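Scroll down for the structure; my scribbles are underneath it.
The values are calculated or read from the model by the stated rules, or taken from the named source; none is laboratory data. Worth saying up front: this structure is predicted, and the values here are computed from it rather than measured. Neighbour counts run over all protein chains shown; Cβ positions are idealised from the backbone, glycine included.
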């Protein structure tokens, strides 16, 4: 058995996707398949996923848990909006995951905030 260790650091992309066709934001199975495809495109390892649809024509919320962290999404079809969260560490590439989401959802606007996540060296006991 091979053990891989990861440093406590990663890249966290917070994406606000606006101007999306509402029909793309209501299909729970399609959104789950999209996030799983995004994870694979980024080189991440999928552990589990869970998604919930709030009813016909309503939004979806869900998460794909990764060995490298997670991808989540919350959709508001009535506002043509989705909020996506892509957090990955190790050799995975979160920007590739976000590119898959953007290509499929075709938002009119995508505002992305990038946060580097890492442990402070002085926070680790000697």
*Is it the case that the stretch 106-121 has a residue that's crowded, with 16+ Cβ neighbours inside 10 Å, at negative phi and not in a loop (DSSP other than H, G, I, E, B)?*
yes
*If you check residue 83 against the conditions, is it in a helix (DSSP H, G or I), within 11 Å of the chain's Cα centre (by Cα) and surrounded by fewer than 17 Cβ atoms within 10 Å (Cβ to Cβ)?*
no
_If I go through the stretch 56-71 residue by residue, how many of them are surrounded by fewer than 18 Cβ atoms within 10 Å (Cβ to Cβ) and either in contact with a helix residue (DSSP H, G or I) (Cβ under 8 Å, 6 or more places away or on another chain) or modelled with pLDDT of 95 or more (or both)?_
5
*Of all residues in the stretch 19-42, how many are in a loop (DSSP other than H, G, I, E, B), touching a residue at least 60 places away in the same chain (Cβ under 8 Å) and in contact with a strand residue (DSSP E or B) (Cβ under 8 Å, 6 or more places away or on another chain)?*
2
*Which residues, counting only those in the stretch 43-80, are within 24 Å of residue 109 (Cβ to Cβ), in a loop (DSSP other than H, G, I, E, B) and touching a strand residue (DSSP E or B) at 6+ places or on another chain (Cβ under 6 Å)?*
59
